[in-house]
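Remarks on the structure that follows.
The values are calculated or read from the model by the stated rules, or taken from the named source; none is laboratory data. No experiment lies behind these values; they were computed from the predicted model shown. Quick reminder, even Gly has a Cβ in these numbers, built from the backbone with ideal geometry, and neighbours come from all protein chains shown.
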Amino acid sequence: MAAAIGAFAAMSFQRYVIVIGTAFGGAWTMLVGAAALMLGKGARAASAAGDLWVLYPDAANPDRLWVYVAWMVISLVGVYVQLQGGGKKSRRPKK
């Protein structure tokens, strides 16, 4: 019985977990890409070299609070857009 309830709960929240995950991941990727474009040659060379830490360029720097604020704002906009815009059925007339 508990397994059935757990499976139903997991299926109910699946869409929201995917939406939140993709919104936050996409926003972070967008910020890192924008930073690489603005910082120039050094950041692009590091990303092309396969350096794993290039994904988190400011993770240990608390002086750059704006990065995390921008990440939260862009992520919340992404969550809103995905929840409001996706999954609507088309209104084509039936034949």
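Out of curiosity, is ALA60 at pLDDT below 90 and surrounded by 10 or more Cβ atoms within 10 Å (Cβ to Cβ)? Step through it out loud before you land on a result.
Details: at pLDDT below 90: yes; surrounded by 10 or more Cβ atoms within 10 Å (Cβ to Cβ): no.
It is false that ALA60 is at pLDDT below 90 and surrounded by 10 or more Cβ atoms within 10 Å (Cβ to Cβ).
Only one residue in GLY26, GLY21, GLY42, GLY6 is at pLDDT below 70 and not β-branched (Val, Ile, Thr), so which one is that?
Every option except GLY42 fails the conditions.
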